[in-house]
1. Hey, can you tell me all the residues within segment 64-87 that are of a type in the set (Val, Ile, Thr) and free of Cβ contacts under 8 Å to residues at least 40 places away in the same chain?
2. Can you list the helices (runs of 4 or more DSSP H) lying wholly within segment 1-98 that have 3 or more residues being open to solvent by less than 100 Å² (accessible area, probe 1.4 Å) and at pLDDT 95 or above?
3. List the number of the failed condition for Gly150; all other conditions in (1) loosely packed, with under 12 Cβ neighbours inside 10 Å; (2) under 16 Å from Leu81 (Cβ atoms) hold.
4. Name the helices (runs of 4 or more DSSP H) wholly within segment 114-177 that hold at least 3 residues that are among the charged types (D, E, K, R), modelled with pLDDT of 85 or more and on the phi < 0 side of the Ramachandran plot?
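The values are calculated or read from the model by the stated rules, or taken from the named source; none is laboratory data. The structure presented is a predicted model; accordingly, all values stated were derived computationally and were not measured. Note that we place each Cβ from the backbone using ideal geometry, even for glycine, and neighbour counts take in every protein chain shown. SASA here: full protein model, heavy atoms, side chains in, ligands and nucleic acids out. Shrake-Rupley method; radii C 1.70, N 1.55, O 1.52, S 1.80 Å.
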Amino acid sequence: MKIPTELIVLLSLGSLAGLVVGLFWIYPRYRVDRFRQDMFTLRDQLFDEAAEGLISFDHPAYGMLRATMNGFIRFGHRLSLMNFIVFEVVTNRETVPQGLYSFNREWQKNLMDLAPEAQARLEAYHAKMNFLALGHVMFSSPIFSFSLVGPFVCWRVAQVFKSFLFETFRRQLERVDSRAFY
């Protein structure tokens, strides 16, 4: 039984439409939800450590970190690769003048009066928060994700199975080596 060409075309168009909806509507929403959930988890861990006595809930460093995490949770849907690039191009790359607010300057100032262990733990939370944000920026773009992830996965598989690949294609590689040598 031969499948009608019209049916194949309709099924192909339906598959393409499903792929477009998945890549440009469902996947970005999933990434925002995942980013927010990861940020909620990180914020909860920070809260638990503060409750255990790592830092006072009233300390400015705790307040800065918590407020920043809340901002990421609230505005995670606006954090995208395109917005990141536009923000970088539009804003001045020079250091922030002395009179203007600088997160890093305030952050370092607020960490100064803490014990070294507390400083290290809060810096770890700050780094993890920024790592989550950067990962979200990179992987919330389906085009960027697939153009980056596909080649990386192929490279990683090749690295893992390098000896297997060399053994499998030994004869062919010896021929290529011989030709390249002469």
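1. Ile73, Ile85, Val86
2. Where helices (runs of 4 or more DSSP H) fall fully within segment 1-98 and carry at least 3 residues being open to solvent by less than 100 Å² (accessible area, probe 1.4 Å) and at pLDDT 95 or above, they are 27-51, 60-75.
3. For Gly150, the exception is condition (2).
4. Once the helices (runs of 4 or more DSSP H) in segment 114-177 are filtered for at least 3 residues that are among the charged types (D, E, K, R), modelled with pLDDT of 85 or more and on the phi < 0 side of the Ramachandran plot, what remains is 116-139.
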